[in-house]
Amino acid sequence: MKKNLVKTLTSGLLVTGLLAASLTGCGSSDKADSSADGSAVEAGESAAGFRTLDEIKESGTINIGVFSDKSPFGYVDENGEYAGYDVYLAEKIGEDLGVDINYVSTEAANRIEYLQTGKVDIILANFTVTEERAQEVDFALPYMNVALGVVSPDGAVIESLDDLGADDEVIVISGTTAETYLAKNYPDIKLQKYDAYAEAKTAFENGNGVAWANDNTEVIAFAIENEGYTVGIPSLGDQDTIAPAVTKGNETLLTWLNDELVSLGSENFFHADYEATLLDTYGADYEDELVVEPSK
Amino acid sequence: MDKDILVEYFPLYKDALFLTLKIGWQGIILAFVIGLIGSAIIHFKTPVLRKIVGIYIELFRNTPLLVQLFFIYFALPKVGIQITAKTCGVLGLGLLGGAYMIETFRSGLEAVPVIQTESALSLGMSDFQTLWYVILPQAISISVPGILANVIFLLKETSVFSTISLMDLMFTAKDLIGMYAKTIECLFLLVVFYLVMLLPISIIGAIVERRMRYGQFGD
């Protein structure tokens, strides 16, 4: 019995050790890649986990990460097709690159991962530009404005975060700027975290939290589409921007994307995008507030 | 790998481990109770109840825990049954585990030779006495490996709790990666914490299994 116990223990430790070694291995090679990416963009891109512009064109398909459950920005419509403000831009990018688009459905929390592991070439999933994220991925020029907002039921509207009681829980989605902002600035507020939009929405409708904090675009849309809810705090924290993102160091794709965005901006493409995808939800009032036409 | 990050995140993982263990054990105890009652019903061939237990087993063994949790947590409130996330976790785990436990106990009961029941009955013991004093001790001893496999299986199943907003180990790791993108450190801690939770159970299980063997009798 004793012998067996020792055996089990040693094999357990061995497994842990091996895992640790392999993980540290990955860590150091990642570092080497990112420090080398400036000089070796042409040579070492497959090692760094991304595809250059030429490689994408050659393969004939671009992988774009979008939301599939965040109407009206990125969602799957009644015909099973991807649609929304972000997807409208993605379609244009595919058209101008002359390649097919392979949409990859993402969740808020895995957007950075998908870029770092090369599962997608571009993330176009309502990705708010923040300092922390900019260390992990490269953002192109912004195409939309956003701030945080808090929605709550009509019966008990939360107009200030100070209104929250000690036991009140605020619903947030894991990996969003709302989560990071509240965790950093209001560490005492209890957060109820969900890993997808659809689940957070259902939980909020079921009354599992007193309020839902998210991008203000999202909570405004929710209050417009659902009876009985009010956006008590329409703007919280700093005004941020939303931009496409590519894998850190993917210079060729980033340069092309920025040129594309500037040229689209000069045609007022994003106002047309708003009118095609967002007008039904937000009306004309929010157009100038939300839309950014990228420029150098 | 950054050691400072590991130290910084350690307390969060510790909280998640405690939550996982707390909900896990409550769910396992519930599963154990359901297993005992259910297998007794099947053993005694109780009319009607036996059919219900059969349907329950098939229902919960053939749907994923994720779906069961979704149903309990998101669908029941729509018909007015509000359940907290923790209760939902215990209930989901208990009901899923119960279905497996019934099958494990039942196979244990069936493995005890019929002659034991016949002998006990011929000595004038009641049905319940026969089960409680003669059959069950032997059946549980035979079932121990199966029970332990179920316990470990149920503790691993807690990794889908993120769906119902419980900050278990898996969700803590995903959440931290989403916020701060320290992927390697977060995943390393995740593996280590699961091993810390499950390895001792495997080892203790191996010891208990050997001890319980003495309970077996007759062959």
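Cα to Cα, under 21 Å, and not fewer than 8 places away if on the same chain: which lysines meet these conditions relative to B:LYS156?
Cross-link targets: A:LYS193, B:LYS14, B:LYS22, B:LYS86, B:LYS174.
Given a Förster distance of 45 angstrom, what is the FRET efficiency for B:VAL7 paired with B:LEU121, based on the Cβ-Cβ distance and rounded to 0.05? Display every interim value, and only then the final one.
Working: r = 64 Å, r/R0 = 1.41.
Calculated value: 0.10.
In percent, what relative contact order does the range B:3-215 have, based on Cα pairs under 8 Å that are 6 or more apart in sequence?
29 percent
Pairwise over distinct Cα atoms, reciprocal of the mean inverse distance: report the Kirkwood radius of the range B:3-215 in Å, one decimal place. Walk me through the intermediate numbers first.
Working: mean 1/r = 0.0523 Å⁻¹.
Every distinct Cα pair counted, the radius reaches 19.1 Å.
Let's test the formula: R0 of 35 Å, r as the Cβ-Cβ distance of A:ALA272 and A:GLU55. What FRET efficiency results, to the nearest 0.05?
Working: r = 31 Å, r/R0 = 0.87.
So the FRET efficiency works out to roughly 0.70.
Between A:GLU159 and B:ARG50, with labels modelled 7 Å along Cα→Cβ, what's the label distance in nm to one decimal, could you check?
If labels sit at A:GLU159 and B:ARG50, their model points lie 6.7 nm apart.
Sticking with the crude label model, points 7 Å out along Cα→Cβ, report the distance from B:THR84 to A:GLU78 in nm, one decimal please.
About 4.2 nm separates the two model spin labels.
With +1 on the Cβ of every Lys and Arg and -1 on the Cβ of every Asp and Glu, and nothing else charged, how large is the dipole of the range B:1-120 about its Cα centre, in debye rounded to the nearest 20? Provide the component values of the computation, followed by the final result.
Details: 10 positive and 8 negative charges, 87 e Å.
Result for the range B:1-120 is approximately 420 debye, rounded to the nearest 20.
Could you please report the charge total around B:GLY54, scoring K, R as +1 and D, E as -1 over all other residues with beta-carbon less than 15 angstrom from its beta-carbon? Write out the running numbers ahead of the final one.
On the way: positive: B:LYS45, B:ARG50, B:LYS51, B:ARG61, B:ARG106; negative: B:GLU58, B:GLU103.
Surrounding charge for B:GLY54 is +3.
Excluding the sites themselves, what is the longest stretch of chain B that contains no chymotrypsin sites (Phe, Trp or Tyr not before Pro) in a DSSP loop with at most 15 other C-beta atoms within 10 Å? Could you put the intermediate results ahead of the total?
Values: sites that count: B:PHE44, B:PHE217.
Answer - B:45-216.
Using the charge dipole of the protein assembly as shown (Lys, Arg: +1 at Cβ; Asp, Glu: -1 at Cβ; taken about the Cα centre), state which of B:SER119, B:LEU12, A:TYR286 has its Cα farthest towards the positive end.
Farthest towards the positive end: B:SER119.
What residues from the range A:56-87 fall in the zone where the backbone N is under 11 Å from a label point 7 Å along the Cα-to-C-beta line of A:ASP100?
A:60-62
With a ≥ b ≥ c taken as the square roots of the eigenvalues of the C-alpha gyration tensor of the range A:146-240, please select rounded if a/c is under 1.5 and otherwise prolate if a/b is larger than b/c or oblate if it is not?
Details: a/c = 1.20, a/b = 1.13, b/c = 1.06.
Note, shape of the range A:146-240 comes out rounded.
Rg to Rh ratio, the protein assembly as shown, alpha-carbon atoms and Kirkwood radius?
Values: Rg = 27.8 Å, Rh = 26.2 Å.
Checking Rg against Rh, the ratio lands at 1.06.
No solvent, one uniform scatterer per C-alpha: report log10 I(q)/I(0) for the range B:1-50 via the Debye equation at q = 0.18, 0.19, 0.22, 0.32 1/Å, two decimals.
Results for the range B:1-50 at q = 0.18, 0.19, 0.22, 0.32 Å⁻¹ read -0.68, -0.71, -0.80, -1.03.
Starting from the Cα of B:LYS45, draw a straight line to each of the aspartates and glutamates and keep only those under 18 Å, dropping any in the same chain fewer than 8 residues away.
Those aspartates and glutamates meeting the cut-off are B:GLU58, B:GLU103, B:GLU110, B:GLU118, B:ASP127.
Write down Rg/Rh for the range B:94-219, rounded to two decimals, with Rg from the C-alpha atoms and Rh from the Kirkwood relation over Cα pairs.
Working: Rg = 20.7 Å, Rh = 17.5 Å.
So for the range B:94-219, dividing Rg by the Kirkwood Rh gives 1.19.
Going toward the positive end of the dipole of the range A:146-240, with +1 on Lys and Arg Cβ and -1 on Asp and Glu Cβ, which of A:THR180, A:GLY165, A:ILE224 do you reach last?
Highest projection toward the positive end goes to A:THR180.
Using a cut-off of under 13 Å, list every residue of the range B:23-62 whose amide N is near the label point 7 Å from the Cα of B:PHE71 along the Cα-to-beta-carbon line.
Answer for this model: B:55-62.
Within the range A:229-264, find all residues whose amide N lies under 15 Å from a label point positioned 7 Å from the Cα of A:LYS184 along Cα-to-beta-carbon.
Only A:236-241 fall inside the zone, counting backbone N under 15 Å.
Indicate, rounded to the nearest 5 percent, the antiparallel portion of the DSSP beta bridges found entirely in the protein assembly as shown.
Working: 23 of 39 bridges.
The antiparallel fraction comes to roughly 60 percent.
With an 8 Å Cα cut-off and a minimum separation of 6 or more residues, compute the relative contact order for the range B:65-189 in percent. Before the final figure, lay out the partial values.
On the way: 91 pairs, mean separation 34.1, N = 125.
Once normalised by length, the contact order is 27 percent.
All of the numbers you see were taken from the coordinates with simple rules; none came from a lab. No experiment lies behind these values; they were computed from the predicted model shown. Because the Cβ atoms are built from the backbone with ideal geometry, glycine has one as well, and the counts that use them run over all protein chains shown.
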